[in-house]
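Reviewing the structure listed below.
The values are calculated or read from the model by the stated rules, or taken from the named source; none is laboratory data. Predicted model only: the values in this text are computed from it and were never measured. Please note: Cβ atoms are built from the backbone with ideal geometry, for glycine as well, and neighbour counts cover all protein chains shown. Ligands, DNA and RNA are stripped out before the accessible areas are found, and what is left, the full protein with its side chains, is counted by its heavy atoms. Shrake-Rupley method; radii C 1.70, N 1.55, O 1.52, S 1.80 Å.
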Amino acid sequence: MRRSSDIRAPKLVIVGAPGCGKLEILRSVAARFGEPPPEAVRVGFWETAKFDLEVDGLRFEVACLHGPQEYRASEELLLHRAIGVMCVMDVEPRCLQAAWDSLVVTSENARRNGFELRAIPFVLQYHRADRHPQFDAAKLDAWLGVPTHSVPRFVTPDSVPDANGGAFDALLASVRKRIEAA
């Protein structure tokens, strides 16, 4: 017999290229919600960090991968049961190609899990904009092929990884709205 404690909570996932700031964002979100620091878990060749979050009676697992990823399957597994995705893109010029590649892989991994990114709550966080002297979010949207205002996106400096709740809270609000409408 399955106990209610055995049932896994749906996931809110933070994705992005290695070194883009996912772990710092996850830690900041956990602290802001009064949760203990994310638990690091080693799974084979990769590491995840996660914490459980309960908001207004809804329980979620919030997770990200961190460190180098040798296999695409690690993110594919992370996306399993995901009901919301926050993509962090380090916009420092030398990191833009890795950010783009990561977004493409995330989209492919979502399809392998049976969904399209645009079909679930999805937000973009353009992170470390202070490291890109002439950063222009609209130009990056165009380069990525993201129609302006079609995906909620937030711009953050390196020193404020959680954007004072902007991107993560927008994702959480979108997920809660979808759950309440169901």
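Taking A98 as meeting all but one of (1) in a helix (DSSP H, G or I); (2) in contact (Cβ under 8 Å) with a residue 40 or more places away in the chain; (3) surrounded by 18 or more Cβ atoms within 10 Å (Cβ to Cβ), write down the number of the exception.
Condition (3) is where A98 drops out.
What single numbered condition from (1) touching a strand residue (DSSP E or B) at 6+ places or on another chain (Cβ under 7 Å); (2) in a helix (DSSP H, G or I) fails to hold for A110?
(1)
Picking from V62, V55, which residue would you name as being among the hydrophobic types (A, V, I, L, M, F, W, C), more than 24 Å from M89 (Cβ to Cβ) and touching a Leu at 6+ places or on another chain (Cβ under 7 Å)? Spell out the reasoning first.
Numbers: V62 fails: more than 24 Å from M89 (Cβ to Cβ).
None of the other options fit; the residue is V55.
Search the stretch 113-129 for residues being open to solvent by 30 Å² or more (accessible area, probe 1.4 Å) and part of a helix (DSSP H, G or I), and hand back the single one that is farthest from F154 (Cα to Cα).
Residue satisfying both the conditions and the ranking: A119.
Quick check on my filter: what residues within the stretch 139-173 are closer than 17 Å to L103 by Cα, open to solvent by 30 Å² or more (accessible area, probe 1.4 Å) and in a helix (DSSP H, G or I)?
Those that are closer than 17 Å to L103 by Cα, open to solvent by 30 Å² or more (accessible area, probe 1.4 Å) and in a helix (DSSP H, G or I): K139, A142, W143.
Give the number of residues within the stretch 26-39 that are over 16 Å from the mean Cα position of the chain (by Cα) and either at pLDDT 95 or above or surrounded by 12 or more Cβ atoms within 10 Å (Cβ to Cβ) (or both).
So the first thing to find is which residues in the stretch 26-39 are over 16 Å from the mean Cα position of the chain (by Cα), and the list is 31-37, 39.
So of that shortlist, the ones also either at pLDDT 95 or above or surrounded by 12 or more Cβ atoms within 10 Å (Cβ to Cβ) (or both) come out as 31-33, 35, 39.
Looking only at that region, the number is 5.
Taking the stretch 63-89 as the region of interest, how many residues are in a strand (DSSP E or B), open to solvent by less than 10 Å² (accessible area, probe 1.4 Å) and of a type outside the set (A, V, I, L, M, F, W, C)?
Here the count works out to 1.
Going residue by residue through the stretch 14-25, is there one that turns out to be surrounded by fewer than 21 Cβ atoms within 10 Å (Cβ to Cβ), assigned to a strand (DSSP E or B) and either touching a helix residue (DSSP H, G or I) at 6+ places or on another chain (Cβ under 7 Å) or among the aliphatic types (A, V, I, L, M) (or both)?
The answer is no, given that none of the residues of the stretch 14-25 is surrounded by fewer than 21 Cβ atoms within 10 Å (Cβ to Cβ), assigned to a strand (DSSP E or B) and either touching a helix residue (DSSP H, G or I) at 6+ places or on another chain (Cβ under 7 Å) or among the aliphatic types (A, V, I, L, M) (or both).
Using beta carbons and a limit of 7 Å, which pairs, at least six apart or on different chains, have the first residue in the stretch 109-122 and farther than 14 Å from K11 by Cβ and the second one acidic (D, E) and outside any loop (DSSP other than H, G, I, E, B)?
R112/E76
Of the residues D169, D141, D158, only one is within 19 Å of V29 (Cα to Cα), in contact with a strand residue (DSSP E or B) (Cβ under 8 Å, 6 or more places away or on another chain) and among the acidic types (D, E); which?
D158
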